[in-house]
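The values are calculated or read from the model by the stated rules, or taken from the named source; none is laboratory data. As the structure is a prediction and not an experimental result, all values here were calculated from the model. Neighbour counts run over all protein chains shown; Cβ positions are idealised from the backbone, glycine included. Note: areas computed on protein heavy atoms with side chains; ligands, DNA, RNA excluded. Shrake-Rupley method; radii C 1.70, N 1.55, O 1.52, S 1.80 Å.
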There are 4 protein chains.
Amino acid sequence: VGHPVMVLGASGYGGLELLRLLDGHPGMRVVAAAASTRVGDPVGGLLPHASSYEGMSFVSVEEAMAVDAELVFSSLPHGQSASIFGRGLGKKVVDVSGDFRLRDPLLYEKWHRESHPHPDSLAEWAYGLTELRREEIREADRVADPGCYAAAAILALSPLVEAGVVDTSWIHIDAKSGISGAGRAGGEGFGFAEAAENARPYTVTGHKHIPEIEQELSALAGSEVEITFVPHLVPMSRGLLVTCAARLTREVSSAELIEAMRERFRGEPFVRVLDKDVLPETKRLSGTNTAEVTARADPRTGVALAMAALDNLGKGAAGQAVQNANLMLGFGETTGLATQGLVP
Amino acid sequence: VGHPVMVLGASGYGGLELLRLLDGHPGMRVVAAAASTRVGDPVGGLLPHASSYEGMSFVSVEEAMAVDAELVFSSLPHGQSASIFGRGLGKKVVDVSGDFRLRDPLLYEKWHRESHPHPDSLAEWAYGLTELRREEIREADRVADPGCYAAAAILALSPLVEAGVVDTSWIHIDAKSGISGAGRAGGEGFGFAEAAENARPYTVTGHKHIPEIEQELSALAGSEVEITFVPHLVPMSRGLLVTCAARLTREVSSAELIEAMRERFRGEPFVRVLDKDVLPETKRLSGTNTAEVTARADPRTGVALAMAALDNLGKGAAGQAVQNANLMLGFGETTGLATQGLVP
Amino acid sequence: VGHPVMVLGASGYGGLELLRLLDGHPGMRVVAAAASTRVGDPVGGLLPHASSYEGMSFVSVEEAMAVDAELVFSSLPHGQSASIFGRGLGKKVVDVSGDFRLRDPLLYEKWHRESHPHPDSLAEWAYGLTELRREEIREADRVADPGCYAAAAILALSPLVEAGVVDTSWIHIDAKSGISGAGRAGGEGFGFAEAAENARPYTVTGHKHIPEIEQELSALAGSEVEITFVPHLVPMSRGLLVTCAARLTREVSSAELIEAMRERFRGEPFVRVLDKDVLPETKRLSGTNTAEVTARADPRTGVALAMAALDNLGKGAAGQAVQNANLMLGFGETTGLATQGLVP
Amino acid sequence: VGHPVMVLGASGYGGLELLRLLDGHPGMRVVAAAASTRVGDPVGGLLPHASSYEGMSFVSVEEAMAVDAELVFSSLPHGQSASIFGRGLGKKVVDVSGDFRLRDPLLYEKWHRESHPHPDSLAEWAYGLTELRREEIREADRVADPGCYAAAAILALSPLVEAGVVDTSWIHIDAKSGISGAGRAGGEGFGFAEAAENARPYTVTGHKHIPEIEQELSALAGSEVEITFVPHLVPMSRGLLVTCAARLTREVSSAELIEAMRERFRGEPFVRVLDKDVLPETKRLSGTNTAEVTARADPRTGVALAMAALDNLGKGAAGQAVQNANLMLGFGETTGLATQGLVP
C-alpha cells in the first residue's frame, strides 16, 4: 500500500534520514534504495529499527532506476544528479543535491566552476522551499530542494526583504552547522576526536549556497540582493543556526520585525516565529521539520538581526523533501513529519 | 620562593584557571585563594594535581585581603571588584571582571544600567589587552583585563582598523563560545543535557562587551567605531571564535589583509597569524594563551572578513591576566604560559 | 477527547518526557501538570512545540490532585511519592520514583536508610517492567516503574537467569549513563564544561537500584541472586548501557544465549534481541521505548556477558510509564511510543 | 642540543602526541618524523604551534631509519613494528604497537591469529609499564609499551593481586575509552555524528590487550590469572577508565585496599591513589601522564572493585613512552611530562 517511491544515495546521512521518515509515512512505500558503495547490504544494517525495510537490500542506481516508482528522491552527490535528471524520466523527482537549484546556467558555471551538463533543463525545476513556492511545487514534476544553509537563511530573511526594511545591498549571514552537514564520507577533520571541542569557519567567501540565497532573495526584493556568508562547524551531530545582519532602511522595532515574520508565515505548519523573549535553539528541532525564526532591531546602530534554526537533515534536507513530495503526490503537507524534538 | 600573589574568586572557572597557571609559574607564589562559597574547603578538591596547593584552603575575600601580597588577581563577580578596588590598596591588581574596562563613567552607566561606585577611579586603570597596550600595562598598578569576546574581536579587527581598510561606521561581529564562558554558577540551560547538541544566540543586541570593543577600536581608528555583536553558545567546554564582517574602504586582497595582520603582530608571542589556506580553530588552543587570527577579502561584495580564535579561559581570561602580571612584576612575558594545546 | 491523566513532577527530565510522549498520544489527555518550582509558568516554555499544552501552566501538586483524572503519572522526587501515594486515591497511579519498587519494607529501610512511611502499602504495587509482569500490570491500580538501570539490567539478565545458565551467587553489572540520568536539578559536576570529556564512576557499592534488581532476578531464579553494580556517567545527554558478567553454569555458546533471549522476548514490541555480529548502541534508541539486548559466552573463561541499551528517559522512565499506562487503560501497548531513533 | 630521537608513525594520534611531548622536552631532539601517508607534508600542518618542527616535513620510514638517532619511538601499525624491529638496529627502541608485548610466541599466535615474524626476539623486550618494571626498562635497549587498556587495568589490579586479596581465577574488567583510542584512521562509526551521544561495547570477548594483562598479573601473582575484558567507546576525545571486579579472598575494608595501593605506588610520580571519598575521572587527566587509581571493598557481596583512569594517548601511549625513554637515556623520569590537566 502507498505510492511507490525510491531513494537514490540512500546510505548518506540525507538519504538515510529520508528512509527513516518514509518508514513512518502512511502514504508512500519505498520500492528501491540505491547506494552505490553498499550494493547488496541490508538496509536494516544502517537503520535497524525500521520494520518496513526488513528484507530490503541496497541496490545500484541503475537497478533502482529500472524499478517502477512514482517519485524519486535523489540524495546523490553533486554532479550525479545533474547527469541523470537532465531530461525527464516519467517520474516525479525531488533532488536534494545542489545541481538544479540555480535558474541561470551562467551562475551555475561561475559558482561550480564547470558548465552544467543540461543547462536548458534548469528552467524546468521548481526551487523547493515550500514556504516560498508552494503552488509551483504542487504542480511541479521536478523540484530542487534548497541547500540546508539556504533554507535557514531565506526563512530568516525573506520577511524582512519582502517588507523592504533591510538594505539589500549587503546582508551578512553567519552560519553554524552540526558535523552531519559534512556528510558521512566526511573524512579527516570530522572524526569525533577532531571535531569535539572545536569550532571553526570554512569556505569563508565561496560557499555554493550563496548564489541560491541571492537568487531567491533577489526574486522577492525585485532587485539584486548581495550577501556575504560564512559557514562554521560546531561540535554537534545535527542542527543549523543562521544569524543574519543588515542595515535597516527605516526605524523599526523588534516587535515590528517579528510581526512581519508572523504575517509572512501565518498558517505555516513548519515555521515557528519566536517572541521577543525567546531565541532559536537547534537541539529541540532535532529530527523535526520545524524551523524557528525571529528577529531583533538594534536601534543604537540601525541594524536588523534575523535568526533561524533547523535540523540540517530535517527541514534542511530530508524533511523538506518529504514536505514537497507530500504536495506533489497530493498528501496533506505535514504527513509523516514531526514538529516536536527531544528535550533534553 | 616567588613573588606573593593572591586570587580572589578563585573557585570560578576563571579563578581556577589562574590557580592552575600559577601552580606552574616559576616566579609567583599564591599566598591566598579566596572563594566565598567554599571557605575552608581544600583547594586541591577542585584542582587535585596541583602540588603547590597542598594544605591550602579557600578563605574569604576579607581574610585574603589581609594577607600580604604584591599582586591581586581578581576574578570576582561583576560589582564586587568595583566596590573593593575603587581606591588603591597598596597592591597591584589585575581584574578579570568587567568593572574597570570602560574609561567613561557614563558609558559604564549606560551599559550596566547603574552608576559606577567609584567613577573617578576608572581613568587610573590600564585596559589589559597586552598586544595593544603593553607599555601602559608594564607601568600600571591596576589593569582591567578585556572581556573574552572583546579580546578576540579586538585582535581580529585592530590591524584592519589601524590600516584604515574597513568602514568603521558598522562592523558586525558574530561570536561562538564554549559553555565555560557562562561560568560555573551557570545554572539551567548549561547542564550537559541541555547544552549538548545545542547552538543558540543570546543577548542579541545588548552584550556588555560591546562598549569596550568600541572604546578600543575607536581609540585606534581615531574616530567613532560602531559595532553590532551577537554571541552564541555552542556545545564545547572551552574555546571562543569570532567572525567579523565590514565593508572594505578600498580594493585589497586577502593576502594584503593577512600582511597587515603580520605587520601588526610581528614578534607577538601569543598571536599567530594564519596563512590564506588555514583558518582558526578553537580546539588546538585549549589551555593555551595563544590567539589565532586571519582575514579574507571578498572582492565580489567588497567585504572584509576577520576571524580570531582563543581559549576563553586562557587568552580570554586567566592566561591574559598572567601575561599582564608577568609584565607588571618584571618577568618575561611568556613565563608560565603555554602555546601548544592538545591535538586531538 | 481521551482519558484524562496528569503528570506530577512535570518539569524534571522524566516528567517533561512524559509530557512530550502524552502530547502525541491519541488516547490520553493531560489535564494537569504539576511542578512545584514553576507554578504558573507556561508548559510551553519548556516544551515549545507541543501544541496540546497551549495555554496550560504548571500547577502545584495539591492543585493537580484536586483535578479529576483517571491516571496519575508521578515523577516526584524520592520521598514525596511515598507520602502521597501511601493510600489509595481513587486514581490509577504509575510512579516513576523509587518509593514503591521494593516489596519488603526492611529492604527499603536498609537501602534508603529510613523507614517507609506506608510500609503496608508496598505489597499493593506491581513492579512495572512490562516484559516481566504484563498481566499483573494490566490488572493493577498502582504500578511502580523500574529504575532506569534496573530496567536495563533485568532485561539483559532475566533470560539467562531463567534459563539457569549463569551462576547467580555473583553477577557483576557495569553501567554507563548519559547525564540526564542525574536529573535537571543535577548541580555541580553536571554542567557541560564539567561533564564533557569526562567518564567517571559513582556510588560504587551502594546504588539504590541494586535491591530491585536482586528482588526481580531472585524471583525469576527462585533463589537469592547477588549482584555488584557500578554506575558511571559518560558525556552524552540520554542513553544507558549495561554490561553484565557472570560465571556460566555449563558450557553454552553465544548463539545459545542469544536464542534464550529470543525465546524470552518473542513478540515483545520494545525489546530487540541483537544477533551475534551486532552489539547494543545507545544513540539509535534516543527518544524511543526500545531496548536492545544481546549476550556472548566466553568459552575460554566460562563467563557469560549480557548487554542491554536503552534511553534512560524512554524505556528507562517515561516510555516505560506510558507502556504500562496503555495496559492499565486498555490501549494497545505500543500506542504513542516510538521504536525508531535518529541515525545519526 | 639534546639526544637525537625519531618518531615512526608520527601522524597517527599516538605519534602526534609523541611529537607534542617531545617539542617541550629539554633533553631530546626529534631528527626525523616518519608518516608513510604524508611524506613531504610539513609537520606543522598537524601540530601548528610546535616551534621546534618549523621547516620539518614527514619522511618515509625508510628515510627515517637511515637518519642517525639514539632512540626510536615507534607508533607504527600492528605488524610493521614486528617486521622492522625483529632484530637489533643499534638504536634503542620504544615500541607503542602491540607487536612485542607478549613473551610467549604461542600466546602471540593464539591472540593475533598469525605467527610472529621474529618469535625469538620477543624475550629481548622489556614490558614497558614503568611502575612494574622500572629497573628492567632502565637497562633495556628495547621496550614494548603496554596497551592503553592494559596500562590502566594493571595499575588498578596489581596492588590487589600482589596483596593476595582477590580471587585471581576470574577478574572482570570493564573499560570505557574515548574515540581517539580508535586511531585517526578510525573510519565509519567514529565520525562525530555517529560517535556523539553513543555508548557501545566492542570486541566483547577477544580484545588483544587481554593476554598482556594476564601475562603481567600472572607474573605478579605467581600463578595463572584469568580475566574477562569488555571495552566500550564513549563520546569523548581522550580518556580511559577501567572498573574491575573480583571476589575478595578474605574480609578487607575499602581503607585496606586503598592502603595496599598507597604502599604499592608510594613515591610514584605518575600514579595518584585516591582516598575513599574521591573517584577517578578522565577529564582532569587529559594531556597528562598521570593515572588515578582507587579501590572499594563491598562487604555485602565480598567483592573488590578497583578503578583506574588515565589519558589513553598520555599514560596509555605517548606519555608512557617518554617516561620510559627518560629512563633509558638517563633523564629524570618526569622530564617533559605533565601531571596537571585542564579543569574544566
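Being open to solvent by 50 Å² or more (accessible area, probe 1.4 Å), within 10 Å of another protein chain (Cβ to nearest Cβ) and modelled with pLDDT of 95 or more is true for just one of B:T228, B:T203. Which residue is that?
B:T203
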By residue number, the members of region C:92-124 that are of a type in the set (D, E, K, R) and either open to solvent by less than 30 Å² (accessible area, probe 1.4 Å) or in contact (Cβ under 8 Å) with a residue 40 or more places away in the chain (or both) are C:K92, C:D95, C:D99, C:R101, C:R103, C:D104, C:K110
Within region B:76-88, residues surrounded by 15 or more Cβ atoms within 10 Å (Cβ to Cβ) and polar (S, T, N, Q) come out as B:Q80, B:S81
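Identify, from the list A:R262, A:R272, the residue that is assigned to a strand (DSSP E or B), over 21 Å from B:H207 (Cα atoms), at pLDDT 95 or above and open to solvent by 30 Å² or more (accessible area, probe 1.4 Å).
A:R272
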Going through region D:17-33 in order, the residues found to be open to solvent by 30 Å² or more (accessible area, probe 1.4 Å), touching a Phe, Trp or Tyr at 6+ places or on another chain (Cβ under 9 Å) and within 11 Å of chain B (Cβ to nearest Cβ) are D:D23
Legend entry - Residue check, D:T282 among the β-branched types (V, I, T), crowded, with 24+ Cβ neighbours inside 10 Å, modelled with pLDDT of 95 or more and in contact with a strand residue (DSSP E or B) (Cβ under 9 Å, 6 or more places away or on another chain): yes
Residue hits (region C:176-190; within 14 Å of chain D (Cβ to nearest Cβ), of a type in the set (A, V, I, L, M, F, W, C) and part of a loop (DSSP other than H, G, I, E, B)) are C:F190
Screening D:L342, D:L305, D:L279, D:L329 for residues that are within 11 Å of chain C (Cβ to nearest Cβ) and more than 25 Å from C:V230 (Cβ to Cβ) leaves only D:L342
Scan region B:210-220 and tell me whether some residue there is more than 10 Å from chain A (Cβ to nearest Cβ) and touching a Gly at 6+ places or on another chain (Cβ under 8 Å). yes
Q. Open to solvent by 40 Å² or more (accessible area, probe 1.4 Å), modelled with pLDDT under 95 and over 18 Å from the mean Cα position of the chain (by Cα) - does that describe any residue in region C:1-16?
A. yes
Going through (1) surrounded by fewer than 16 Cβ atoms within 10 Å (Cβ to Cβ); (2) in a strand (DSSP E or B) one by one, A:E136 fails only at (2)
| Would it be correct to say that D:S11 is within 14 Å of chain B (Cβ to nearest Cβ), among the polar types (S, T, N, Q), closer than 21 Å to D:K315 by Cα and touching a residue at least 24 places away in the same chain (Cβ under 8 Å)? | yes
For region D:228-265, the count of residues that are among the β-branched types (V, I, T) and touching a residue at least 60 places away in the same chain (Cβ under 8 Å) equals 4
When region D:247-259 is checked residue by residue, the ones that are of a type in the set (G, A, S) and either assigned to a loop (DSSP other than H, G, I, E, B) or at the interface with chain C (Cβ under 9 Å from one of its Cβ atoms) (or both) are D:S253, D:S254
Result of the Cβ filter at 9 Å on region A:284-301, keeping first residues that are at the interface with chain B (Cβ under 8 Å from one of its Cβ atoms) and among the acidic types (D, E) and partners that are open to solvent by 10 Å² or more (accessible area, probe 1.4 Å) and in a strand (DSSP E or B), at least 6 apart or interchain, is A:D298/A:L248
A careful count of residues in region A:191-209 that are in a loop (DSSP other than H, G, I, E, B) and among the aliphatic types (A, V, I, L, M) gives 3
Counting only residues in region C:34-75 that are in a strand (DSSP E or B) and either within 14 Å of another protein chain (Cβ to nearest Cβ) or within 19 Å of C:L327 (Cα to Cα) (or both), the one most open to solvent (accessible area, probe 1.4 Å) is identified as C:P42
Apart from one, (1) touching a Gly at 6+ places or on another chain (Cβ under 7 Å); (2) open to solvent by 30 Å² or more (accessible area, probe 1.4 Å) all hold for A:L313; the odd one out is (2)
Expected output for region D:159-175 (first residue within 13 Å of chain C (Cβ to nearest Cβ) and open to solvent by 10 Å² or more (accessible area, probe 1.4 Å), partner of a type in the set (S, T, N, Q) and outside any strand (DSSP E or B), Cβ below 6 Å, 6+ apart or cross-chain) is D:D167/D:T249
Restricting region B:206-225 to residues that are open to solvent by 10 Å² or more (accessible area, probe 1.4 Å) and among the hydrophobic types (A, V, I, L, M, F, W, C), the one farthest from the chain's Cα centre (by Cα) turns out to be B:A221
Note on D:A193: of the conditions (1) more than 13 Å from D:H232 (Cα to Cα); (2) open to solvent by less than 10 Å² (accessible area, probe 1.4 Å); (3) within 9 Å of chain C (Cβ to nearest Cβ); (4) touching an Asp or Glu at 6+ places or on another chain (Cβ under 9 Å), unmet is (4)
